[in-house]
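Have a look at the structure below, then the notes.
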Amino acid sequence: MNKIEYKSKYNKLLNNLSKLIDEANERIIYERDIFFSDNVNFLSKSFMVMMCTYLESYLKDISIYIISKYNERLENISIPRNIIKWSLEKKKELPDLKEKDLKFENLKININRKDLDSHISGSPYRTINLFKKFGIRLEEFKDFKEKTEKIKHIIIKRNNIVHHNDDASDLTMKDLQENILYLKEYIAEIDKIILNNINIKN
């Protein structure tokens, strides 16, 4: 799956969530469904948590994709792992690598999905720090930077719901729909930066 397909995958999930929000709103306002009306706060909280989960899942998927593409490049050029380890660990006086540190294999990035868990967050600032490890300075891109404040507030709201059981009485269904639009734009911007700035070829 390439990055365009990842963007499409999460756009589809967010679009489906948007339809669900519309349906809930229809039940509350026009059909006066008691079940939906009595549980509107629970529904709003659930919608907030779900949309942020999609964002974090996208970030993990796209991170693994980048790593896999870099590994494909490394495999094509076959760089011995030991010489890179030697270069990265050298001090002023070049030491010899210890025998136990030597592995006679080609260089490979050994980062898997589980390794990423503690680095993945919907917070734009943690996302910025993650992408620096990939050699990408997201904060240098104006369109990305302009979206961070709104995304930050969405994530703070979600965190307060999850960690402090805050209610969502201040959120309207319109607010939730706007949040989904912001998240889709944010994902699209990250996708564009990856496409245009790390020279990954499908």
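The values are calculated or read from the model by the stated rules, or taken from the named source; none is laboratory data. For clarity, every value in this text was computed on a predicted model and none was experimentally measured. Cβ sites come from the backbone with ideal geometry, for glycine too, and all protein chains shown count toward neighbours. To get the accessible areas, we keep the full protein, side chains included, count just its heavy atoms, and leave off ligands, DNA and RNA. Shrake-Rupley method; radii C 1.70, N 1.55, O 1.52, S 1.80 Å.
For the stretch 40-93, a tally of residues being surrounded by 15 or more Cβ atoms within 10 Å (Cβ to Cβ), farther than 24 Å from I120 by Cα and modelled with pLDDT of 90 or more returns 5. All told, L130 meets the bar of being in contact (Cβ under 8 Å) with a residue 12 or more places away in the chain and touching a His at 6+ places or on another chain (Cβ under 8 Å). Condition check: open to solvent by 70 Å² or more (accessible area, probe 1.4 Å), in contact with a helix residue (DSSP H, G or I) (Cβ under 7 Å, 6 or more places away or on another chain) and touching a residue at least 12 places away in the same chain (Cβ under 8 Å). Does K103 satisfy that? Against the criterion (open to solvent by 70 Å² or more (accessible area, probe 1.4 Å), in contact with a helix residue (DSSP H, G or I) (Cβ under 7 Å, 6 or more places away or on another chain) and touching a residue at least 12 places away in the same chain (Cβ under 8 Å)), K103 qualifies. Within the set of pairs 6+ apart or on separate chains, which have a first residue in the stretch 167-192 that is part of a helix (DSSP H, G or I), a second that is of a type in the set (D, E), and C-beta atoms under 7 Å apart? Between residues of the stretch 167-192 that are part of a helix (DSSP H, G or I) and residues that are of a type in the set (D, E), the close pairs are E189/D143.
Check the stretch 29-51 and report whether any residue there is among the aromatic types (F, W, Y) and in contact (Cβ under 8 Å) with a residue 12 or more places away in the chain. Yes, the conditions are met somewhere in the stretch 29-51.
Scanning the stretch 121-134 for residues that are modelled with pLDDT of 95 or more, in a loop (DSSP other than H, G, I, E, B) and open to solvent by 20 Å² or more (accessible area, probe 1.4 Å) returns a single hit, S123. Of the residues examined, K150 is one that is open to solvent by less than 80 Å² (accessible area, probe 1.4 Å), of a type in the set (D, E, K, R) and touching a residue at least 24 places away in the same chain (Cβ under 8 Å).
Only one entry of L171, L195 meets the criterion of being more than 23 Å from S46 (Cβ to Cβ), of a type in the set (A, V, I, L, M) and at pLDDT below 95, and that entry is L195. Here the stretch 18-39 is the region considered, the condition is being surrounded by 18 or more Cβ atoms within 10 Å (Cβ to Cβ) and of a type in the set (A, V, I, L, M), and the residue that is farthest from the chain's Cα centre (by Cα) is I28.
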